[in-house]
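Please read the structure below before turning to the comments.
The values are calculated or read from the model by the stated rules, or taken from the named source; none is laboratory data. Predicted model, so just to flag it, every value in this text is computed and none were measured. Neighbour counts run over all protein chains shown; Cβ positions are idealised from the backbone, glycine included. Calculation scope for accessible area: heavy atoms of the full protein, side chains included, ligands and nucleic acids excluded. Shrake-Rupley method; radii C 1.70, N 1.55, O 1.52, S 1.80 Å.
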Amino acid sequence: MKIGRHIKEGLIGVLRHSAMSISAATAVTITLLLVSMFLLLTLNLQQITRNVEESIQIHVKIENGTSAETISATQAAIAKLAGVTKVTFSDKDAELDRFIAAFGEDGKIFEMYRGEDNPLRDAYLVDVAKNATLDVLAAQIRGYAGIEKVDYGGENTIKLVTFMDSLQNGGLLLVSILSLLAIFLISNTIKITINARSDEIHIMRTLGATNHFIRFPFLIEGILIGLLGSILPILITIFGYHYLFNAMGGVLASNLFLLRPVFPMVYQVSGILTGIAVLVGLLGSFISVTRHLRWKR
Amino acid sequence: MLKIKDVSKTYNNGVNALYNINLLIEQGEFVYIIGPTGSGKSTLIKLLDAEEKPTKGTVEVGGVNIGKLRPGRIPYYRRSIGVVFQDYRLLERKTIFENVHFALEITNMPTLKARQRVREVLSLVDLADKANDFPANLSGGQQQRTVIARAIANRPKVLICDEPTGNLDPAKSADIIRLLEKINKEEGTTILMVTHDIGMVNSFRKRTIALQDGHIMADLRDGGYIE
């Protein structure tokens with residue numbers, strides 16, 4: 001088999017039918033742009049959801065004057081509760097450090113409370129599993145001796161996580177639907193391109209070309225059209241996301257919503273786009289050419 | 001070379017195109033097939049290039065029973081015959097050289113040898129200077145000569161011509177017949193030519209087979225047209 005010949009013929013086919021090649025490649029470009037957009041969005045949502053989930057923590061304040069024995073007994077008891085992954089004891093000083101850090105540069109003014117004047121309480125920092133029911137856990141913790149206050153951000157935290165989860169699932173569903181739409185659109189355009197050349201296929205058959213010999217260059221053409229159409233979406237993915245990431249400082253609104261770093265994600269998305277383009281070009285042309293090659297004498 | 005025995009053809013829509021045809025054509029002969037529209041000429045061509053199967057009887061070309069060919073073998077059979085169509089059927093996006101070359105490419109002929117053969121046949125049909133032109137830039141006569149070059153490039157034993165002069169003026173038609181005579185003589189190719197052109201059949205006398213309503217009405221060894 002002369003693969004070189006088929007590749008050359010495929011390339012010539014794209015060039016000599018440039019108008020049709022461009023229209024098919026444009027269909028690829030438009031759909032891949034949409035796929036890329038939703039893919040970037042979904043991947044970022046995934047990242048943000050993970051960040052939010054990881055930051056869910058129950059903050060338990062300990063009453064002043066609680067004995068060291070009670071503190072360590074309660075800590076052990078909380079650690080045994082279902083849904084609790086880790087309990088860390090944080091004394092007054094550590095709490096003040098966290099408090100100051102939360103205010104960033106402006107936090108320095110609270111340094112005056114360090115030492116005897118520290119009004120904060122010792123605390124437990126309770127990390128919980130993703131599927132834990134925060135309100136139930138909070139109620140259980142409140143029942144232990146020496147507990148002053150249990151704080152977990154309330155129902156809104158849970159609602160946010162649920163909302164992000166469904167957004168992410170919706171995004172994935174949309175990407176899947178768009179990919180299917182892309183396959184349909186592109187294979188349809190390639191089908192029209194090849195239908196317009198049914199005479200050419202018929203002539204080749206009358207001259208004694210085997211189906212395989214006729215089909216191969218068309219498959220190469222399909223792949224080339226797919227690749228041609230993926231150039232712009234890939235460039236926009238790499239440079240567009242890079243620009244957006246820098247422009248937004250790598251976050252969406254708050255430090256809790258960290259965007260995914262540019263690299264290697266843009267390369268991974270580009271890889272997926274290239275894969276879709278090649279597959280769709282190949283499938284589209286295979287289906288269309290085979291229709292014309294189904295054996296009739 | 002070409003043996004048609006008790007052949008009848010009825011299409012799926014019930015149309016009877018040929019009735020009990022018997023015909024024997026020897027290697028190196030030049031034969032006209034004439035007849036009015038609907039006489040069965042096109043069906044005969046379709047049987048010979050394996051586009052259709054006979055309903056009854058056998059069609060043999062060079063010892064191959066065409067009706068019994070498996071679909072996968074048909075391309076290989078088609079390479080052993082040359083077909084010239086009235087409507088040319090050239091690949092429009094390929095140059096004249098590439099069009100002729102294509103017929104050799106599909107046989108996997110080594111490139112250098114194929115290019116040499118293309119140059120040979122293009123000079124035979126007097127189109128060497130048009131090698132890099134596209135079909136649309138050529139006259140009807142030149143396009144038909146390209147089709148003939150393509151059909152003989154692979155040195156077929158038999159050349160089937162379906163109204164090759166149908167779209168040409170008398171002078172160009174005579175050129176094409178002279179070219180076919182040259183191929184018949186120089187390459188020893190058997191030529192079977194379907195035509196409507198009475199003037200030409202009378203001017204260039206060859207064995208003439210007349211078809212009417214799917215029957216062979218006459219087989220004139222000395223040629224000439226019968227009313």
> Going toward the positive end of the dipole of chain A, with +1 on Lys and Arg Cβ and -1 on Asp and Glu Cβ, which of A:132, A:273, A:47 do you reach last?
Replying inline: A:273
>> For region B:77-150, compute Rg over Rh where Rg is the Cα radius of gyration and Rh is the Kirkwood radius from the inverse mean 1/r over Cα pairs.
In response: 0.93
>> Considering all alpha-carbon pairs of region B:1-52, what whole percent are spaced by more than 18 angstrom?
In response: 31
>> I need the phi-derived Karplus couplings for region B:207-217: 6.51 cos²θ - 1.76 cosθ + 1.60, θ = phi - 60°, integer Hz, Gly and Pro marked x.
In response: 4, 10, 10, 9, 10, 8, 6, x, 10, 7, 8
>> How far apart, in nanometres, would the label points at residue A:16 and residue A:286 be if each is projected 7 angstrom from Cα along the Cα-to-Cβ direction?
In response: 2.6
> Among the lysines, which fall within straight-line cross-link reach of residue B:185, defined as a Cα-Cα distance under 22 Å, with same-chain neighbours fewer than 8 residues apart omitted?
Replying inline: B:3, B:157, B:172, B:206
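Please work out how much length the chain gains when fully extended from residue B:172 to residue B:56, using 0.36 nm per residue of separation minus the C-alpha to C-alpha distance, in nm with one decimal.
Details: separation 116, 0.36 × 116 = 41.76 nm, distance 3.88 nm.
Result for the pair: 37.9 nm of gain on full extension.
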>> Please report the antiparallel percentage of DSSP beta bridges with both residues in the protein assembly as shown, rounded to the nearest 5.
In response: 65
>> Through the Karplus equation 6.51 cos²θ - 1.76 cosθ + 1.60, θ set to phi - 60°, convert the phi angles of region B:94-108 into ³J(HN,Hα) values in whole Hz; use x for Gly and Pro.
In response: 10, 6, 4, 4, 5, 4, 6, 4, 4, 4, 8, 4, 5, 8, 6
>> Give me, ordered by chain and number, the residues 5 or more places off residue A:128 or on other chains with an amide H under 5 Å from its own placed amide H.
In response: A:58, A:85
> For residue B:33, which sequence-distant residues (separation of 5 or more, or a different chain) have an amide H within less than 5 Å of its own amide H, given hydrogens modelled in the peptide plane?
Replying inline: B:193, B:194, B:195, B:209
> Using modelled amide H (1.01 Å from N, peptide plane; none on Pro or chain starts), what sits under 5 Å from the amide H of residue B:133, excluding residues fewer than 5 places away?
Replying inline: B:96, B:97
>> Tell me the carbon and sulfur percent of the accessible area for the protein assembly as shown, rounded to whole percent, probe radius 1.4 Å.
In response: 58
>> If packing is taken as the average number of other Cβ atoms within 10 Å across a peptide's residues, how do B:33-41, B:106-114 rank, most packed first?
In response: B:33-41, B:106-114
> Between region A:130-186 and region B:163-211, what is the C-alpha centre distance in whole Å?
Replying inline: 84
> Given charges of +1 on the Cβ of Lys and Arg and -1 on the Cβ of Asp and Glu, with all other atoms neutral, how large is the dipole of region B:1-67 about its Cα centre, in debye to the nearest 20?
Replying inline: 220
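Roughly how large, in nm² to one decimal, is the mean projection of the convex hull of the alpha-carbon atoms in region B:138-227?
Values: hull surface 24.9 nm².
The orientation-averaged projected area of the Cα hull of region B:138-227 comes to 6.2 nm².
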> What is region A:194-293 by shape, rounded, prolate or oblate, if you read a ≥ b ≥ c off the alpha carbon gyration tensor as root eigenvalues and call it rounded for a/c under 1.5, prolate for a/b larger than b/c, and oblate otherwise?
Replying inline: prolate
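Does region A:43-108 classify as rounded, prolate or oblate by the C-alpha gyration tensor (a ≥ b ≥ c root eigenvalues; a/c under 1.5 gives rounded; else a/b over b/c gives prolate, otherwise oblate)? Please report the intermediate quantities before stating the final value.
On the way: a/c = 4.20, a/b = 1.26, b/c = 3.33.
Verdict is oblate for region A:43-108.
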> Residue farthest toward the positive end of the dipole of chain B, with Cβ of Lys/Arg at +1 and Asp/Glu at -1: which of B:54, B:141, B:20?
Replying inline: B:54
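Given the DSSP H assignment, sum -39500 (n - 2.57) over each helix run of at least 4 residues in chain A and divide by its residue total; what's the result at 222 nm in deg cm²/dmol, nearest 500?
On the way: 10 runs with 199 residues, N = 297.
Helix contribution divided over all residues of chain A: -23000 deg cm²/dmol.
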> How high is the relative contact order of chain A, in percent, with contacts defined as C-alpha pairs under 8 Å that are six or more residues apart?
Replying inline: 31
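Based solely on its DSSP helices, what 222 nm [θ] is calculated for chain B when runs of n ≥ 4 H residues each add -39,500 (n - 2.57) and the sum is averaged over all residues, nearest 500 deg cm²/dmol?
Working: 7 runs with 74 residues, N = 227.
Result for chain B: -9500 deg cm²/dmol, rounded to the nearest 500.
Taking only protein heavy atoms into account and a 1.4 Å probe, give the accessible area per residue of region B:83-144 in Å².
Values: 2820 Å² over 62 residues.
Per residue, region B:83-144 has an accessible area of 46 Å².
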> By what distance, in whole Å, do the Cα atoms of chain B stretch along each of the three principal axes, largest value first?
Replying inline: 46, 41, 32
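Hey, which of these cross-link pairs are over 21 Å Cα-Cα: A:8/B:130; B:5/B:41; A:92/A:149; B:41/B:130?
Values: A:8/B:130 23 Å; B:5/B:41 16 Å; A:92/A:149 15 Å; B:41/B:130 33 Å.
Those over the limit are A:8/B:130; B:41/B:130.
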> With springs only between Cα atoms under 10 Å, which of B:154, B:132, B:13 fluctuates most in a Gaussian network model of chain B?
Replying inline: B:13
> Which three extents, in whole angstrom, do the alpha-carbon atoms of region A:57-151 cover along their principal axes, largest first?
Replying inline: 39, 30, 17
> Gaussian network model of chain A, Cα springs within a sub-10 Å range: biggest mean-square fluctuation belongs to which of A:156, A:169, A:51?
Replying inline: A:156
> Using a 1.4 angstrom probe on protein heavy atoms only, which residues from region A:180-220 are buried by at least 10 Å² of accessible area when all chains are present rather than their own chain alone?
Replying inline: A:200, A:202, A:203, A:204, A:205, A:206, A:207, A:208, A:209, A:210, A:213
> Using the scaling law 2.2 N^0.38 Å as the reference, what is the normalised Cα Rg of region A:111-215?
Replying inline: 2.53
>> With +1 assigned to the C-beta of every Lys and Arg and -1 to the C-beta of every Asp and Glu, and no other charges, what is the dipole magnitude of chain B about the Cα centre in debye, to the nearest 20?
In response: 860
>> Kirkwood Rh and Cα-based Rg: tell me the resulting Rg over Rh for chain A, rounded to two decimals.
In response: 1.27
> If only Cα atoms are counted, what is the Rg of the protein assembly as shown, and what is its Dmax, in Å?
Replying inline: 40.2, 132
> Heavy-atom accessible area per residue, region A:57-151, 1.4 Å probe: how many Å²?
Replying inline: 59
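For the interface of chains B and A, what total accessible area is buried with a 1.4 Å probe, rounded to the nearest 100 Å²? Present the calculation step by step, with values, prior to reporting the outcome.
On the way: alone 11270 and 16780 Å², together 25730 Å².
Counting both chains, the buried surface is close to 2300 Å².
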